[in-house]
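Below: one structure, written as structure tokens.
Derivation of every value follows stated rules applied to the coordinates shown; laboratory data play no part. Keep in mind the model is a prediction, meaning the values are calculated, not measured. So basically every Cβ, Gly included, is an ideal-geometry build from the backbone, and we count neighbours across all protein chains shown.
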Amino acid sequence: MNEKPKTYDFKEREEHWRKFWEEKDVYRFDEDSKKPIYSVDTPPPYVSAEHLHTGHIMSYSQAEFIVRFKRMQGFNVYYPMGFDDNGLPTERFVEQKYEIDKSKITRKEFVELCLKETKLGSQNYRDLWRSLGISVDWSKTYSTINKLSQKIAQWSFLDLYKKGKIYKTKMPTLWCVHCQTAIAQADLEAEERKSKLNYIEVEVENGEKLTFATTRPELLPACMGISVHPDDKRYKRLIGKKAKLPLIGREVLIFGDETVDPKFGTGAAYFCSYGGAEDIEWLHRHPEVESFHILGPNGRFNELGGKYAGLKVSEAREKILADLKTSGALVKQEEIENVTYVHERCGTDVEYISTEQWFIKIVEAKDEFLKRGKELNWFPKKMYRIYEDWVKSLKWDWCISRQRYYGVPFPVWYCADCREIILPDKNDLPVDPTADKPKKGCLKCKSSKIKPETDVFDTWMTSSLTPLIGLRLVKEDLWEKLYPENLRPQAFEIIRTWLFYTVVKSYYHFKGLPFKDVMISGHGLDEKGRKISKRLGNYIIPDRIIEQFGADALRYWATGAKLGGNMRWNEDEVKKGKRTVTKLWNAARFVFDTVGSAIPATVPALEEADLWLLHNLNKTVHEATAYFEAYEYSLARNEIDDFFWKIFTDYYIEFVKHRVYGEDKKSKEVAAYTLYNAILTLVKLYAPIMPFITEEIYQEFFKERSKTESIHLSNWPETVKEWHYPEKKHREFQKVLSVIDAVRAYKTQNGISLGKEIEGFTTNKKLTSEEKEFIQKTQRVKRITCAK
RNA sequence: GGGCGCUUAGCUCAGUUGGCUAGAGCGACUGGUUUACACCCAGUAGGUCAUAGGUUCGAGUCCUAUAGCGCCCACCA
């Protein structure tokens, strides 16, 4: 036997096992295996270096507990890793980091910076996942900007275009004036704000005055008309008449419109191009109104804004309100709470600007998406509600074009002469239309004058294809087996984006589901229960924690919240994890130092205490397995902890010490059998949660008797028939335990060390002579007496 | 405005189909060098399970209202 180290140096040992797993390729997906496959659609994290915090640790660990469990259950686990690096999040990150002035940098230079940051960022993640012990197959990685992802995203575009699910049109769309791009409904965030409701008076052609109320007075120059409810007695007679706008002087018509709520404000509303969705709808209902737009893509009023041209929205608001006040048209202002939509990436107020964009039809198929969503297995179940609410509230088709640089380009050219759309052959993908030329010119007019589409895809256009991208990393005959995938783990905030869009794609491309089970994790919160955010600066740096307590300890913390629940940061829980690591190590060492060479190969005749222990072990295995199956890793951990701390170490190890150090060879052998199996099973049960210490113990003590290279490739424990202990006997043993507790309490309360032998102890429980003997030996009491 | 969730010991949280004399860890206090472990062990104190009703032989657990907190959703300009 080689000499065993006295203490477990987690820093040195964890690094040792990281290297070991890499060298032995323990987590490699075996493409030739006959075992059943378990595939995971791993969330590709956004690459931006400052972002890593304990929230990420929590959600990735939680998914990984399940993955490791499945691997030990005998599945051929496919667990790739992606990095989401294209799109706005990265652009914003780069802009901020380098304080970029977009007018002073070329598109090419900018993209190069993005690529550089992307590389740095993904390396950061990689390092963190590695130190955490995330068991992905690192030979199966992708990034959402790489060639493969571009190819699949562009293929998706072509396929959906062919199927009539994609269209291009000019219409008012959600627009971010800061990022200067169109965005999608899913990119919106609602913000409740206090603002002012402004009452503005106009002059009607018959000489009457009419007052309407608005929160967006700055759009006055773009007012297209005023509406009142057609049955509103106060205003009925004004319908069809003209009103003169203050400051502007232009005349607009007064309409009857049932959507106007007579109870809000004055019961009269003005409609502009565009203050919001209701304005757009209003204009749809009134095609006779010739609309024009005063807001440019940069968020400033254009020349149609008259004297307000060149002003930003907020500046114009102030100016116009001041002018209205001076002119007397602003008759009243009142405080109001309303909801404003901002772009979730930058917090800028969203505007509606009429531009030409590409869309995927999603509104028309809401019912289908609801049905598909219901077919998924949601863990926890209630998360389906978020999906359902979202799909039901869909109002706009998915705008997939972004007027940005760093993204997957549209595989589209236009004929400069006849404006026909020219698409590449799918075998030529990926293409960059700004650099590549279509093989043939325009098929319609034969012109060879070509203009490229310069927009790039919304980042979700690519991310929604991760199940497809993932399977392309393995050989082709496995593709069918990997789709749909078994598991999609993800956070709840991106149900409306990542999850929903993936379902959309899968349905439109294949009429199927992209995965079977969905595992939704909650938020990581700071120790005060607040969301972790840049603004609060309340990040906990995972590297520091791993350095200080070890990866196992940090992972242990991640078991603390039930699936889907938010979890506070709590360093005490990490410490508890570390204590568990130490305790496991010591318990294992005890077993092997004392009985390591005395373990019988077959099941011996078990004594009462052994049966009691093994029976409890059976129960623990049974329950922990069921919990893991149900994605309830936290309840599984509770079960395992209880068994380990309370039953195994606090009682059983104390029970067998006299046997282990005693002369009775037979009895020692039976104890050895029990201890060996208990430790081996425990270590396996803990393996998904704490892969390092369990590997250490496995390699140190069990490797010789086992053929598998790593504990993580060994079999998940099962219950053992021979360990069954009738419930009645189990109850009798509880009686013995209660006497033991009484002895312990007696000693403690009298300041006597538990190790010191006492002369006698009297109990009112009835005990057999074997039971008495057991208590006497294990608790160091010379004589137990039963009171009448 | 609609929906969902939470409210259990000083703190962080378990409590699965109603049976608990309500649990754990941390913290507090007391005692202890048990031939694994002081990163430990034993013990003590501490809760009318947010509030008010109801169903039931029995409710932390089910129902109804109320309050506080959190989240998701929502075009009332």
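The table below gives the values:
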read-out	value
Antiparallel %, DSSP beta bridges [both residues in chain A], to 5	65 percent
Geometric extent, Cα atoms of segment A:583-672 - Rg, Dmax (angstrom)	14.4, 46
For peptides A:400-408, A:754-762, sequence by mean Cβ density within 10 Å, most packed first	A:400-408, A:754-762
Fraction of the pair-distance distribution of chain A above 40 Å, Cα-Cα pairs, percent	50 percent
Most to least packed among A:353-365, A:69-81, A:187-199 [average Cβ atoms within 10 Å]	A:69-81, A:353-365, A:187-199
Whole-number D in µm² s⁻¹ for segment A:84-190, Kirkwood Cα-pair radius fed into Stokes-Einstein, 4 °C, 1.567 mPa s	77 µm²/s
Rounded to whole Hz, the Karplus (6.51, -1.76, 1.60) HN-Hα couplings of segment A:642-648, x for glycine and proline	4, 5, 5, 6, 8, 8, 6
For chain A, cysteines whose Cβ has no other cysteine Cβ within reach (under 4.7 Å)	A:Cys114, A:Cys223, A:Cys272, A:Cys346, A:Cys399, A:Cys786
Segment A:383-446: equivalent-ellipsoid semi-axes (sqrt of 5 x gyration tensor eigenvalues, Cα, Å)	34, 15, 12
Alpha-carbon centroid distance for the pair segment A:701-748 / segment A:248-268, whole angstrom	78 Å
Crossing angle, helix A:366-375 versus chain A [Cα axis fit, 0-90 degrees, rounded to tens]	0 degrees
Cα Rg, Dmax (largest Cα-Cα span) when computed across segment A:142-245, Å	22.9, 69
Calculated FRET efficiency for the pair A:Lys325/A:Cys346, C-beta based, R₀ 41 Å, to 0.05	0.80
A:Gln403-A:Ala598 FRET efficiency (beta carbon distance; Förster radius 60 Å; 0.05 resolution)	0.20
Nearest 10 degrees, 0 to 90: helix A:313-327 Cα axis against chain A principal axis	50 degrees
Environment charge of A:Tyr235, counting only residues whose C-beta is closer than 15 Å and scoring Lys/Arg +1, Asp/Glu -1	-1
Gap separating the Cα centres of segment A:467-506 and segment A:551-588, nearest whole Å	30 Å
Cα-based convex hull volume of segment A:343-487 per residue, rounded to whole Å³	182 Å³
Stretch gain in nm, segment A:Leu443-A:Lys575, where the contour uses 0.36 nm per residue and the Cα spacing is subtracted	40.6 nm
Residue-wise HN-Hα coupling along segment A:135-144, computed from phi with Karplus coefficients 6.51, -1.76, 1.60 (Hz; x: Gly, Pro)	8, 7, 8, 6, 7, 10, 10, 8, 10, 6
Descending semi-axes in Å of segment A:280-335, equivalent ellipsoid built from Cα gyration tensor	23, 18, 11
Theoretical ellipticity at 222 nm over chain A - DSSP helices of four or more residues, -39500 (n - 2.57) apiece, nearest 500	-12000 deg cm²/dmol
Segment A:323-349 versus segment A:124-185: alpha-carbon centroid distance in Å	35 Å
A:Arg744 versus A:Lys481: modelled label distance in nm, points set 7 Å from Cα along the beta carbon direction	5.0 nm
Residue pairs, from the table A:Lys19/A:Lys481; A:Lys70/A:Lys511; A:Lys516/A:Lys619; A:Lys583/A:Lys657; A:Lys646/A:Lys782, whose Cα atoms sit over 19 Å apart	A:Lys19/A:Lys481; A:Lys70/A:Lys511; A:Lys516/A:Lys619; A:Lys646/A:Lys782
Karplus-derived 3J(HN,Hα), 6.51/-1.76/1.60, for each residue of segment A:759-771, Hz, glycine and proline x	5, x, 8, 10, 10, 8, 7, 8, 10, 7, 5, 5, 5
5 angstrom amide H check on A:Ile422, placed H, neighbours 5+ away	A:Trp413, A:Tyr414, A:Cys415
Partner lysines for A:Lys395 [C-alpha distance under 19 Å; skip if fewer than 8 residues away on the same chain]	A:Lys165, A:Lys168, A:Lys170, A:Lys361, A:Lys366, A:Lys371, A:Lys505
Separation of the A:Leu536 and A:Glu335 label points, Cα + 7 Å toward Cβ, nm	2.6 nm
Value of Rg/Rh across segment A:719-766 [Cα atoms, Kirkwood radius]	1.15
Gain upon complete extension [A:Ser139, A:Lys782; 0.36 nm per residue less C-alpha separation]	225.1 nm
Shape metrics for segment A:64-124, restricted to C-alpha atoms - Rg then Dmax, Å	18.0, 57
Ratio Rg/Rh [Cα only; Rh per Kirkwood] for segment A:468-623	1.12
Crossing angle, helix A:500-510 versus chain A [Cα axis fit, 0-90 degrees, rounded to tens]	80 degrees
Pair A:Lys209, A:Phe510: separation of 7 Å Cα→Cβ label points (nm)	6.7 nm
Residues of segment A:255-276 with amide N under 12 Å of a point placed 7 Å along Cα→Cβ from A:Glu288	A:255-256
Efficiency of FRET between A:Glu368 and A:Glu278 - r from beta-carbon atoms, R0 22 angstrom, step 0.05	0.20
